[in-house]
Amino acid sequence: MTTENIPKIILHLHLDGSLDLDLAVKWLHEDGYNYTKEQVKKLLSVDKDCHNLNDYLTKFTIPCSLLTTKERLEEATYTLLKKLASENVVYAEIRFAPLKHQAKGLTKDDAIKTVIKGKEKATKDYNIDCSLILCCMRDSSKEDNLQVVSLAKKYQTALDLAGAENIYKTKDFKYIFDYAKKENIPYTIHAGEASGKDSINSALDFGTKRLGHGIRCIEDKETLDRIKKEKVLLEICLTSNYQTEAIKGKHPIEELYNQGINISINTDNDTVSNINITEEYNRILKETNLTIKDLVKCNYNSIDYLFTSNEIKDKLKSIYKNINI
Ligand SMILES: [Zn+2]
């Protein structure tokens, strides 16, 4: 078995941060900007000048300004899933913020319906299952975020909280997860990336069983023990963590895995981070002592945490049980 043909489960992937470069070139041209693919890559991907999450987040401005029509959102979703299927991803959870696609008058409802349409078309055409996660944003109003929660209920998606973690504290978003719990909406929370234990503990207080990143639990034994005790899964994005300098020095992925914490492996943003999932797996094999068998195990162990039906979970479990490493 090679990293190419491991069946992969992706839990942490942003639609706007994973925009296909050819589509971006085409749409920029339609909007009056003539750039080469190489130039667009520079505009949409981080480089050595990225030193924190806030630098990293500047790369989302152009994709969000392009993804403002139904046609484009549908095509971006379809194209991303097509690409993931070609990388042997068997199940993906794609997340996006409906609030960020409204510049040209698109409603939040229409943005969600359109992404669902692209997803349904791609899952029919390719051998991949997919669930959607709606992101509430740290820089959005309470009213807007509560509307996103009700839309998650309406369209039966999961929820997330994203944005500048060190500027807008996690503890201030309890209202989102109180409402989500009341409505039985599953959720994950970005925490422990640009901020440390306080942010993680707030997310755990809100009852999350998954953390977007969460890697900074390594800085505090009590928080690490709590994650173990509460059996919380960490959605790890190694390359992105290096780019945002969430981690200085060696990434804790191996230590977290060895301590028995459930981890899933993700790219965060294929385009912004300029990486795909197979390259991310290769990097982990190169930089740690983890093996292909460990990577397969991470995928298998993540299945109970997926925001999907038991039927799909059983189907995925049987894929991994039949693997001969
Ligand atoms: Zn993320």
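The values are calculated or read from the model by the stated rules, or taken from the named source; none is laboratory data. Everything numeric here is computed off the predicted structure, so don't read it as measured data. Cβ atoms come from the backbone with ideal geometry, glycine included; neighbour counts cover every protein chain shown.
Quick check on S240: is it surrounded by 24 or more Cβ atoms within 10 Å (Cβ to Cβ) and either part of a strand (DSSP E or B) or within 16 Å of the ligand (Cβ to nearest atom) (or both)? Full working, then the answer.
Numbers: surrounded by 24 or more Cβ atoms within 10 Å (Cβ to Cβ): yes; either part of a strand (DSSP E or B) or within 16 Å of the ligand (Cβ to nearest atom) (or both): yes.
Against the criterion (surrounded by 24 or more Cβ atoms within 10 Å (Cβ to Cβ) and either part of a strand (DSSP E or B) or within 16 Å of the ligand (Cβ to nearest atom) (or both)), S240 qualifies.
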Somewhere in region 48-61, is a residue within 14 Å of the ligand (Cβ to nearest atom), touching a residue at least 60 places away in the same chain (Cβ under 8 Å), aliphatic (A, V, I, L, M) and touching a strand residue (DSSP E or B) at 6+ places or on another chain (Cβ under 6 Å)? no
Residue list for region 210-238, restricted to those being among the hydrophobic types (A, V, I, L, M, F, W, C) and more than 17 Å from A158 (Cβ to Cβ): I215, C217, I218, L224, I227, I236, C237, L238
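Where residues in region 155-202 are assigned to a helix (DSSP H, G or I) and touching a residue at least 40 places away in the same chain (Cβ under 8 Å), which of them is surrounded by the fewest Cβ atoms within 10 Å (Cβ to Cβ)?
Filtering region 155-202 for residues assigned to a helix (DSSP H, G or I) gives 155, 170-182, 197-202.
Those still in the list that are touching a residue at least 40 places away in the same chain (Cβ under 8 Å) too: 155, 176.
Details: Y155: 15, I176: 22.
Checking each candidate, the answer is Y155.
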Residue by residue through region 222-236, note down the ones that are out of contact with any helix residue (DSSP H, G or I) (no Cβ under 8 Å at 6 or more places or on another chain) and within 14 Å of the ligand (Cβ to nearest atom). E235
For region 272-323, which positions are within 30 Å of Q39 (Cβ to Cβ), touching a residue at least 60 places away in the same chain (Cβ under 8 Å) and assigned to a helix (DSSP H, G or I)? I277, T278, Y281, N282
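From the residues in region 203-221 that are more than 16 Å from the ligand (Cβ to nearest atom) and in a helix (DSSP H, G or I), which one is surrounded by the fewest Cβ atoms within 10 Å (Cβ to Cβ)?
Checked region 203-221; the qualifying residue surrounded by the fewest Cβ atoms within 10 Å (Cβ to Cβ) is K221.
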K142, sole failed condition from (1) away from the ligand (no atom under 16 Å from the Cβ); (2) under 30 Å from N34 (Cβ atoms); (3) surrounded by fewer than 16 Cβ atoms within 10 Å (Cβ to Cβ): (2)
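Checking the conditions here, which among K70, K113, K83 is of a type outside the set (G, A, S), away from the ligand (no atom under 16 Å from the Cβ), modelled with pLDDT of 95 or more and closer than 20 Å to L146 by Cα?
Numbers: K70 fails: closer than 20 Å to L146 by Cα; K83 fails: closer than 20 Å to L146 by Cα.
Unique residue meeting the criteria: K113.
Can you tell me how many residues in region 122-139 are buried (at least 16 other Cβ atoms within 10 Å of the Cβ) and either in a helix (DSSP H, G or I) or of a type outside the set (S, T, Y) (or both)? Before you say what the answer is, go through the steps one by one.
Step one: of region 122-139, the residues buried (at least 16 other Cβ atoms within 10 Å of the Cβ) are 122-123, 126, 128-138.
Pick out the ones that are also either in a helix (DSSP H, G or I) or of a type outside the set (S, T, Y) (or both) and you get 122-123, 128-130, 132-138.
Qualifying residue count for the region: 12.
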Inside region 243-259, can you point out the residues that are out of contact with any Leu (no Cβ under 8 Å at 6 or more places or on another chain) and more than 16 Å from the ligand (Cβ to nearest atom)? K248, G249, K250, P252, E255, N258
